[in-house]
Structure formats: C-alpha cells, structure tokens
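For reference, the structure discussed in these notes is given below.
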Amino acid sequence: MVSRRRDNGRWKARVYTREGRERTKDFDRKRDALAWESLEREKERRRHSGDQITLAEFFDEKKDKYFEELTPASVATYRSNLKRVLGDLGHVPLRQIDDRLIRRLQERWNARLSNDAVRTTRSALARILNKAVEDGLLDSTRSGRSRHPDQDRARPIGFPPWIRSR
C-alpha cells in the first residue's frame, strides 16, 4: 500500500500479510517509508514462494518480540549466544536447518566452549526456531531432537552421586 502522510508530519507505511494481518510503521521521510514497504513485501513474497527466508533474516524481523520476553539480565547472555548462532547459521535457510546440521555445529561448539555456553547457545537457537514454528514457517522445531551437549562429554570423577545424576 502507498505510504501516507499523517497529521503529525510523519509518513505511515502499511503492509498486509497473506493472512490479512496489518503491519504498520511510522517514518520521518517518505523515502524511508516506501523502502520499508518494499522490503516487507519482498519478505512476504519470499516467505510464500519457493525462496526461503534465512535464519538471520527471520531473526532480524522478529528480534523485538524475541527480546521483550526476556528479563534484562538474560538479554546480555542471549545477545552473545545469538551472535554465535547467527555467525554460524545466519546464512542458512530455515528449512535447511536439520538435526545433522545442528549436531555438526554442536560438535564445533563443544570443542571450544564450556558445557554451559553450549547449553545457552543451543537454547538461543531453540528460541529462534520455536518462533519460526509459531509463525508457520517450520512444521516442527529441529533443535529439540538433537542430543544434549552433556551427553557427548565425559563426566568428572570424584563428584558425589547427586551431581552426576543430573
């Protein structure tokens, strides 16, 4: 839809999804509003055509909702984990992320990161993929079917049984 000037002098851009949901955003300049509309229409077209949206494109579109559900203390941790996830998988189309790819990536993470860092990075990936499932871009999340990082590592000797049983 064509952008229109509001009473306050700002330009309102409006796009409708195929499901009929309206998305709007205000801009100071008409050029910015038109550029946003064009970008949003292209994303919508790609989502419903043979082209596939990448993990980085999807996250960029959903990052506001992603962070609003987190506590401020968690945001810093998730940002560093997301940097790792998007650096490794950002270029990959969502539908090409499968168990095998996640396992390979996890092996690389296990080689250079602590168990806790692998777990939290994996959690960040799972949150993104769960959002894709909620939006109908994936049938099911792929991150939940892979093995937990602790299963691939030897347990330390000498700890009480209550620590080893976790």
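The values are calculated or read from the model by the stated rules, or taken from the named source; none is laboratory data. Values in this document were obtained by computation on a predicted structure and should not be read as measured data. Note: ideal-geometry Cβ built from the backbone for every residue, glycine included; neighbour counts use all protein chains shown.
VAL133 fulfils the conditions (1) at pLDDT below 85; (2) more than 18 Å from THR54 (Cβ to Cβ) except for a single criterion, (2). Taking the criterion of being surrounded by fewer than 15 Cβ atoms within 10 Å (Cβ to Cβ) and under 18 Å from ALA56 (Cβ atoms), the residues of the range 94-107 that qualify are ARG95, GLN96, ASP98. Looking only at residues in the range 20-46 that are of a type in the set (A, V, I, L, M) and surrounded by 14 or more Cβ atoms within 10 Å (Cβ to Cβ), the one that is farthest from ARG4 (Cα to Cα) is ALA35. One residue is enough: does the range 66-77 have a residue meeting the conditions modelled with pLDDT of 80 or more and crowded, with 18+ Cβ neighbours inside 10 Å? Taking every residue of the range 66-77 in turn, none turns out to be modelled with pLDDT of 80 or more and crowded, with 18+ Cβ neighbours inside 10 Å.
Remark: pairs (first residue in the range 127-141, among the β-branched types (Val, Ile, Thr); second residue modelled with pLDDT under 75 and part of a loop (DSSP other than H, G, I, E, B); Cβ separation under 6 Å; 6+ apart in sequence or on different chains) = VAL133/THR141. Assess whether LYS25 counts as being under 20 Å from GLY136 (Cα atoms) and not hydrophobic (A, V, I, L, M, F, W, C). No.
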